[in-house]
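What follows draws every value from the coordinates through simple rules; no lab data is involved. Keep in mind that this is a model prediction, so the values were computed, not measured. Here Cβ is always computed from backbone atoms with ideal geometry, including for glycine, and neighbour counts include all displayed protein chains.
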Amino acid sequence: MNKESRIKIMIVDDDKEFLEEVQEMLTLSGYDITVVPDGALALQMMPVVRPRIVLLDLKMTPKSGFQVASELRNTQHMKDTGIIAMTGFFTEKEHTFLMKLCGIRTCILKPIKPLDLIAKIEFELGEKSATPRDTISWN
């Protein structure tokens, strides 16, 4: 599959090591990946990259993932972009309430299991069976 036809995903996280691991995993799974180390830069890059899905860490500075998601939802050309929140900090009760406030429907808890992440991505893309296909095996 050529780069132009692959689904674009932006990963926004301030943990460089985590970014590299998830980028490699999703690239090997056939996605076109852009990594961004902070929320403010991600918002600047969104109109250029135009990802279908944004994997968004919730606890970042200077802009939190909640702030980024809220701004995306209020930007006309980006309001339908799928957002999958990622957190290892917030409890389920905390992040569920905050996610609803900023229009995030899906969250995955860190540490992330590769097949769970791919299933979340496929679900967000509308592939409701959420069965990973054409992906490498992760043991």
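For Thr75, which of the numbered conditions (1) within 21 Å of Asp116 (Cα to Cα); (2) in contact (Cβ under 8 Å) with a residue 24 or more places away in the chain; (3) of a type in the set (Val, Ile, Thr) fails to hold?
(1)
Hey, among the residues in region 63-122 that are of a type in the set (Gly, Ala, Ser), surrounded by fewer than 19 Cβ atoms within 10 Å (Cβ to Cβ) and touching a Lys or Arg at 6+ places or on another chain (Cβ under 9 Å), which one's farthest from Ala40 (Cα to Cα)? So that I can check it myself, show each step before the final result.
If we filter region 63-122 for residues that are of a type in the set (Gly, Ala, Ser), which is where we start, we get 64-65, 69-70, 82, 85, 88, 103, 119.
Still in the list and also surrounded by fewer than 19 Cβ atoms within 10 Å (Cβ to Cβ): 64, 70, 88, 103, 119.
Next, from what is left, pick out any that are touching a Lys or Arg at 6+ places or on another chain (Cβ under 9 Å): 88, 103.
On the way: Gly88: 21, Gly103: 18 Å.
The residue in question is Gly88.
Here is a list: Phe89, Phe97. Which entry is without any contact (Cβ under 8 Å) to a residue 24 or more places away in the chain and among the aromatic types (Phe, Trp, Tyr)? Walk me through how you get there before you give the answer.
Details: Phe89 fails: without any contact (Cβ under 8 Å) to a residue 24 or more places away in the chain.
Only one candidate passes the filter, namely Phe97.
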